[in-house]
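What follows is a single structure, written as structure tokens, with notes after it.
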Amino acid sequence: MTRRGILSVVSAIFDPLGLIAPVTLRAKAIIQTLCRDKMGWDEQIPRQQELEWKALLSSLSNIENVSVRRCYKTHRSGNIVNVQLHIFSDGSQTGYGACAYIRLTDDAGNISCSLVVGKSILAPIKQVSIPRLELSGAVVACCLYEQLSEELSIHIDSATFWTDSMIVLGYINNQTKRFKTFVGNMVAAIHDVTQPEHWRHVNTKSNPADIASRGIDASDRVSMNIWLNGPNFLSLDQSQWPESSKISPLPEDDAEIKKDTTVLVTTTKTVDLLLCQYSSWNKLTRGVAWLLKFKEFCVRRI
């Protein structure tokens, strides 16, 4: 097996909505590892990567058992009275991503939740901090929201954004600190689409975007079920959702905060300095005369 062969298989998977994005992320991670090791297109890949690829390839047959409803409403849904979008984001050393779910409530109180679109992106080969990757996932969540707002024909009553990173929530809710360029641009992009009050905290186990950022095996039915249907709490009443954690102020030593520099400027008047050096007018005039003579001497020497 060669790097070109792996890429041809991954490219053949047509998944515009990202319904199996966490599965394909695993394959992309293998290709990235080969790129990092500077493997040629037609070179035989190392034994370890070959075993990983064969295991992944053999598990792809499980995708045939994955069932996705073409209609977001279930067969028992009545008249829909409330439509919500819930968008989760996360980042890890492997990658970052986001996923959006539509939550429908009918007039009888029945709730259905379905994955609308998902996105998994590999982390750059160059080392990037986890907070930056998590923040990148939050930006992807905003992009998905903009896309769905334009493409969905159904009216959205509300949208909620979820992340398990308290640092990201601190960046989004910050009002006083100035950030370095990367984080500043990311936070500005988030503020262009959402308001800080739209964001809520969710624990990692209940965050399906954690699956998008780390990848899963196609045979992992539990994770695949969470990915396609969303966390269990979305099927419950809003009073049973995770409580919003109190967001602490950003620490002063955060690596992404620009440090304030203070410049002290003092001005000195030469005449005032001379006057302070002499106790009488006669001594001052003699001192100035000697300075002028020294100046002429220096000019002649030059």
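The values are calculated or read from the model by the stated rules, or taken from the named source; none is laboratory data. If you're wondering where the values come from, they're calculated on a predicted model, not measured in any experiment. FYI the Cβ positions are ideal-geometry reconstructions off the backbone, even for glycines, and counts take in every protein chain you see.
Residue-wise test of (1) assigned to a strand (DSSP E or B); (2) farther than 20 Å from Pro208 by Cα; (3) free of Cβ contacts under 8 Å to residues at least 24 places away in the same chain; (4) not assigned by TED's automatic domain parsing to the domain that holds Ala138.
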residue: Ser77; (1), (2), (3), (4): no, yes, no, no
residue: Phe88; (1), (2), (3), (4): yes, no, no, no
residue: Lys119; (1), (2), (3), (4): yes, no, no, no
residue: Pro124; (1), (2), (3), (4): no, yes, yes, no
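Taken together, Arg47, Arg4 contain a single residue that is of a type in the set (Lys, Arg), modelled with pLDDT of 85 or more and over 23 Å from Ile216 (Cβ atoms), which is Arg47. Residues in the range 203-212 that are of a type outside the set (Ser, Thr, Tyr) and within 21 Å of Ala21 (Cα to Cα): Lys205, Asn207, Pro208, Ala209, Asp210, Ile211, Ala212. The C-beta contact set for the range 204-217 (first residue of a type in the set (D, E, K, R), second residue part of a loop (DSSP other than H, G, I, E, B), distance under 9 angstrom, 6+ apart or interchain) comprises Lys205/Asp164; Lys205/Pro231; Asp210/Ser92; Asp210/Asp164; Arg214/Ser92; Arg214/Gln93; Arg214/Thr94. Annotation note: of Tyr96, Tyr101, the sole residue that is at pLDDT 95 or above, over 22 Å from Ser244 (Cα atoms) and assigned to a strand (DSSP E or B) is Tyr96.
Considering only residues in the range 126-159 that are surrounded by fewer than 19 Cβ atoms within 10 Å (Cβ to Cβ), in contact (Cβ under 8 Å) with a residue 60 or more places away in the chain and of a type in the set (Ser, Thr, Tyr), the one that is farthest from Gln93 (Cα to Cα) turns out to be Ser158. Of all the numbered requirements in (1) touching a residue at least 24 places away in the same chain (Cβ under 8 Å); (2) farther than 28 Å from Thr24 by Cβ, Gln238 misses one, and that requirement is (1). Residue check: Phe161 meets all listed conditions (1) of a type in the set (A, V, I, L, M, F, W, C); (2) modelled with pLDDT of 95 or more; (3) under 22 Å from Val23 (Cβ atoms) but one, namely (3).
The single condition among (1) at pLDDT 85 or above; (2) outside any helix (DSSP H, G or I); (3) over 30 Å from Tyr171 (Cα atoms) that Pro242 does not satisfy is (3). Pairs are defined by a Cβ separation below 7 Å, a sequence spacing of at least 6 or placement on different chains, a first member in the range 165-192 that is surrounded by fewer than 18 Cβ atoms within 10 Å (Cβ to Cβ), and a second member that is part of a helix (DSSP H, G or I) and aliphatic (A, V, I, L, M); the pairs so defined are Ala189/Val139.
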